[in-house]
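Asker: First, the structure itself, so that you have it in front of you.
The values are calculated or read from the model by the stated rules, or taken from the named source; none is laboratory data. Since the model is a prediction, treat every value here as computed from it, not as a measurement. When we count neighbours, we look across all protein chains shown, and the Cβ atoms used for this are built from the backbone with ideal geometry, even at glycine. For the accessible areas, the whole protein counts, side chains as well, though only heavy atoms, and no ligand, DNA or RNA atoms are used. Shrake-Rupley method; radii C 1.70, N 1.55, O 1.52, S 1.80 Å.
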Amino acid sequence: MRRNIYILFIGITLATFFSSCQKDFEDVPLEEFTLDFVFSSTDSLGTQAKQYLNSVYSFMQNGHNRVGGDYLDAATNDAVSSSLTENDVYRLATGQYDAASQIGSDMRWSTYYQGIRTANTFITNIDVVPLMDTFNDGQPLNRAWKSEARFIRALHYFELVKRYGGVPLMGDMVPQLGDDLEISRNTFKECIDYIVGEMDAIKDSLRTMPVSDPTTLSHIVTREAAMALKARVLLYAASPLFNGGNIEAANPLTGYTDFSAERWKAAADAAKYFIDTYDYFELIPNFEDVFLVDVNKEIIFFRQGGTNTGLERTNGPVGFNGVNLGNGRTSPSQNLVDAFPMLDGKAIDDPTSAYSYDFSNMYQNRDPRLEKTILHNGSDWLNTTLETYLDGASNPTGATQKTKTSYYMRKFMGNFEKATNYSDVSHNWISFRYAEVLLNYAEAQNEYGGPSDDVYQVIKDIRARAGIEAGDDGMYGLNAGMTKEEMREAIHNERRIEMAFEEQRFWDIRRWKVADEVFAQPINGLIVINSAGVMNANLVPVLTTSFAERQYLYPIPYSEVIKNGNMVQNPGWEQ
């Protein structure tokens, strides 16, 4: 029986699959023979099926300048966009959206469901292909490929859930044109249980790290990626926004309708399982290399981004010429700069620090990650000293895109401090890395049982890798005998600076349910004035906004609510 699918309906062009077609299907309508060709019972190499699996992977996001040309973190208090227009991250930060006026670069409801449908097509058809290749002691490769698609499908659901709460779960359904799709939203709990259940179900059917051929396989979904996703999902589910702080307490679509400390335990257990089971992973010695070395023992899963200078050209400082011309798209905030501790791990306002913080010389004796994350006035870059003071080479006058804060983003870019020109650098997008799993464990374990020795050890290990001094007490700036609340503050800040610009902060301040507090304070930058060689810095607000309760979840697109009588809108977004 011929299997039908409308490939164009799911956004995959027929040309992709028919450029090398050897079968004669001239008498069969195109939309009717596609599945038989892609998932062929005679294709023992799985050539076309693998090509289709690549299309399943293609729906995953690359976070570099993803949101209308900006990093998502530029919609938090860690940065602003240098764009001269009121662009997507500005609208996100200021709440300029509603159900009918969406921000398409991040409110990607239809795109996620398109990805889910594509994955379902693969999942429901791959068993037909008689693959000769095997893995894990003789298991057919079909099994791994199918589980990879199930992972990607679950990841799409998680992206939906953290934006909207409970969403419709489609199972393995591949809707056809004309099908009745007035499907109700599943509860938040049902969605979390489904994603976690999928990860448990597929983990033994996936390849493991290290993969057999790192050059060609390092980007694939592995068992470890599945367990990392499980740990992240459970952490979000245990967090205040969904666990005890539901924006509509009795609404099962927007979170749990009760609080349970056991959810924190489940999150801690999932992260601890990863740490104890997969000893391949570690914090590699050099923080910068995490993002520049394609295959290293901290990366769990990444989205391929290519080898180029695009990231440098987009985000690098202005004031250079030719191949070194940067567009300075991302302006980190003074708020983020102030979050980095002193070299001994103490906060900049902590009087017990061995180093005295001086606003006029604020970059001296700081956490080394500051210099690896942010470029500032006086930083070395392209074999010169950056001038981000007013009218300096990297902060010229005139209506041009440039820093709004006197800062430029440094993270992810190649090691061009002493180079004379930009050169090609690998710019993959790391979706999961080992440092996050450690921080996930520390946060969940602290919330469940308080600051135990292993919670302390996580922060110590991350700070040690960063280059923070241990101190005579070996505490890396932490105080002994901290309360749960004190350790929570330390973990939250450690996560902020370690994971800066990695699409964590935007969601963290929401799941912690502190976004209203965060945006109650101005987002600050500096105006630096060069007075006869003496630099005078002045703190200035670059964005003042607020955050309404309804913004903790995005509005369901108005078009979905109108066409589906069973679709319930999120609280506060009803038309």
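Asker: In whole Å, what is the distance between the alpha-carbon centres of region 202-231 and region 97-130?
Answerer: 22 Å
Asker: Turning to a different aspect of this structure: Quick check: the distance between the Cα centres of region 65-83 and region 253-300, to the nearest angstrom?
Answerer: Centre-to-centre (Cα) distance: 25 Å.
Asker: Next question. Please name which of Leu35, Ser379, Thr121 has its Cα lying farthest along the dipole of the chain towards the positive end, using unit charges on Cβ (Lys, Arg +1; Asp, Glu -1) and the Cα centre as origin.
Answerer: Positive-most Cα among the choices belongs to Leu35.
Asker: Quick one: pull the percent of accessible area on the chain belonging to carbon and sulfur, 1.4 Å probe, ligands and nucleic acids left out. Before the final figure, lay out each step's value.
Answerer: On the way: 10860 of 22410 Å².
Roughly 48 percent, rounded to a whole number.
Asker: How much length is gained if the chain between Thr257 and Asp204 is pulled fully straight, taking 0.36 nm per residue apart and subtracting their Cα-Cα distance, in nm to one decimal?
Answerer: Numbers: separation 53, 0.36 × 53 = 19.08 nm, distance 3.30 nm.
Full extension of this stretch gives 15.8 nm more.
Asker: Let me ask another. Hey, what do the phi angles of region 484-498 turn into as Karplus ³J(HN,Hα) couplings, whole Hz, using 6.51/-1.76/1.60 and θ = phi - 60°, x for Gly and Pro?
Answerer: Result, rounded to whole Hz: 4, 5, 5, 5, 4, 4, 5, 5, 4, 6, 4, 5, 4, 7, 5.
Asker: Here is a further query. Tell me whether region 481-575 comes out rounded, prolate or oblate; compute the Cα gyration tensor, take square roots of the eigenvalues as a ≥ b ≥ c, and use a/c under 1.5 as the rounded threshold. Present the calculation step by step, with values, prior to reporting the outcome.
Answerer: Details: a/c = 3.10, a/b = 1.69, b/c = 1.84.
Oblate.
Asker: Using the charge dipole of the chain (Lys, Arg: +1 at Cβ; Asp, Glu: -1 at Cβ; taken about the Cα centre), state which of Pro541, Gln48, Phe242 has its Cα farthest towards the positive end.
Answerer: Comparing the listed Cα positions along the dipole, Gln48 ranks first.
Asker: Separate question: Sum up the charges of everything whose Cβ sits under 15 Å from the Cβ of Leu217, counting Lys and Arg as +1 and Asp and Glu as -1, but leave Leu217 out. Spell out each step's value before the answer.
Answerer: Values: positive: Lys50, Arg207, Arg223, Arg303; negative: Asp133, Glu148, Asp213, Glu224, Asp294.
Every neighbour counted, the sum reads -1.
Asker: Then there's this: Pick out, from Ala100, Thr111, Ser406, the residue whose Cα sits farthest towards the positive end of the charge dipole of the chain, with +1 on the Cβ of Lys and Arg and -1 on the Cβ of Asp and Glu.
Answerer: Value: Ala100.
Asker: Divide by every residue of the chain the summed helix terms, -39500 (n - 2.57) for each DSSP H run of at least 4, and state the resulting mean residue ellipticity at 222 nm, rounded to the nearest 500 deg cm²/dmol.
Answerer: -10500 deg cm²/dmol
Asker: Given a Förster radius of 56 Å and the C-beta distance between Thr483 and Ser41 as r, what FRET efficiency does 1/(1 + (r/R0)^6) yield to the nearest 0.05? If you can, show how the numbers build up before the last one.
Answerer: Values: r = 63 Å, r/R0 = 1.13.
Result of the calculation: an efficiency of 0.30.
Asker: Taking amide H positions as placed 1.01 Å from N in the peptide plane, with prolines and chain starts having none, which residues 5 or more places from Trp381, or on another chain, fall under 5 Å of its amide H?
Answerer: HN-HN under 5 Å from Trp381: Leu386.
Asker: Rounded to the nearest 0.05, what FRET efficiency is calculated for Lys563 and Asp193 with R0 set to 30 Å and r the Cβ-Cβ distance? It would help to have the intermediate numbers written out before the result.
Answerer: Working: r = 28 Å, r/R0 = 0.92.
Efficiency computed from Cβ-Cβ geometry: 0.65.
Asker: Another question, if that's okay. With a 1.4 Å probe and every protein chain left in place, work out the accessible area per residue of the chain in Å², rounded to a whole number.
Answerer: Values: 22410 Å² over 575 residues.
Using a 1.4 Å probe on heavy atoms only, each residue of the chain averages 39 Å².
Asker: Where does each of 404-415, 483-494 land if you order them by average Cβ count within 10 Å, highest first?
Answerer: 404-415, 483-494
Asker: Amide H neighbours of Phe432 under 5 Å, at least 5 residues apart or on other chains, H built in the peptide plane: list them.
Answerer: Excluding prolines and chain starts, which carry no amide H, the hits are Ile300, Phe301.
Asker: What's the ranking of 265-278, 322-335 by average number of surrounding C-beta atoms within 10 Å, highest first?
Answerer: Details: 265-278: 19.3, 322-335: 21.5.
Output ranking for 265-278, 322-335: 322-335, 265-278.
Asker: Quick query: amide H of Met409 versus all other amide H atoms, modeled in the peptide plane; which residues come in under 5 Å with a sequence gap of 5 or more or a different chain?
Answerer: Here Thr330, Leu375 satisfy the definition.
Asker: Within 12 Å, Cβ to Cβ, of Tyr113, how many net charges do the neighbouring residues add up to if Lys/Arg are +1 and Asp/Glu are -1? Could the numbers behind the result be given before it?
Answerer: Numbers: positive: Arg108, Arg117, Arg153; negative: Glu159, Glu560.
Combined, the nearby Lys, Arg, Asp and Glu give +1.
Asker: Would you mind working out the magnitude of the charge dipole of the chain relative to its Cα centre, with +1 at each Lys and Arg C-beta and -1 at each Asp and Glu C-beta, to the nearest 20 Debye? Each step should come with its number before you reach the end.
Answerer: Numbers: 51 positive and 76 negative charges, 131 e Å.
In total the dipole reaches around 640 debye.
Asker: Evaluate the charge dipole of region 101-229 about its Cα centre and quote only its size in Debye, nearest 20, assuming +1 on the Cβ of each Lys and Arg and -1 on the Cβ of each Asp and Glu.
Answerer: Details: 13 positive and 17 negative charges, 59 e Å.
That gives a dipole near 280 debye.
Asker: Hey, which of these cross-link pairs are over 21 Å Cα-Cα: Lys411/Lys513; Lys372/Lys460; Lys189/Lys265?
Answerer: Numbers: Lys411/Lys513 27 Å; Lys372/Lys460 19 Å; Lys189/Lys265 16 Å.
Too far apart for the 21 Å limit: Lys411/Lys513.
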